[in-house]
């Protein structure tokens with residue numbers, strides 16, 4: 001079974017909240033590699049139903065998932081150093 005954890009923090013606005021949330025998720029995934037980084041999402045504290053994914057999650061040719069920030073330009077990238085890159089690049 002899968003479960004989620006909700007962390008509370010303050011930010012000046014949505015853009016800063018997104019940046020902080022990505023940093024928190026990436027840092028936690030380094031400390032605890034078993035965490036599902038691709039499932040990380042951000043929502044206003046009073047509106048969990050508006051959660052938006054923090055990471056892309058696109059599926060690659062070998063079944064790997066893109067771990068770049070959601071909405072990123074260019075190629076998709078699998079996690080880890082030397083992770084597979086795929087897609088149409090910057091075209």
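Quick one: compute a quarter of the convex hull surface over the Cα atoms of the chain and quote it in nm².
Values: hull surface 28.8 nm².
Mean projected area of the Cα convex hull: 7.2 nm².
Simple spin-label estimate for residue 32 and residue 3 gives 0.9 nm between the two label positions (7 Å along the Cα-to-Cβ direction from each Cα).
When only alpha carbons of the stretch 1-54 are considered, Rg and Dmax amount to 11.1, 35 Å.
Computed over the chain, the per-residue total of -39500 (n - 2.57) for DSSP H runs of n ≥ 4 gives a 222 nm mean residue ellipticity of -6500 deg cm²/dmol, rounded to 500. Given their separation in residues at 0.36 nm each and the Cα-Cα distance between them, residue 45 and residue 10 gain 11.7 nm when the chain is fully extended. Taking label points 7 Å from Cα along the Cα-to-Cβ direction, residue 19 and residue 69 give a separation of 0.8 nm.
Could you work out the relative contact order of the stretch 1-54, using alpha carbon pairs under 8 angstrom and six or more residues apart, expressed as a whole percent?
Normalised by residue count, the contact order of the stretch 1-54 is 25 percent.
Read-outs: derived from the displayed coordinates by stated rules, not from any lab. Not measured: the values here are computed from a predicted model. Neighbour counts are summed over all protein chains in view; Cβ atoms, including those assigned to glycine, are modelled from backbone coordinates with ideal geometry.
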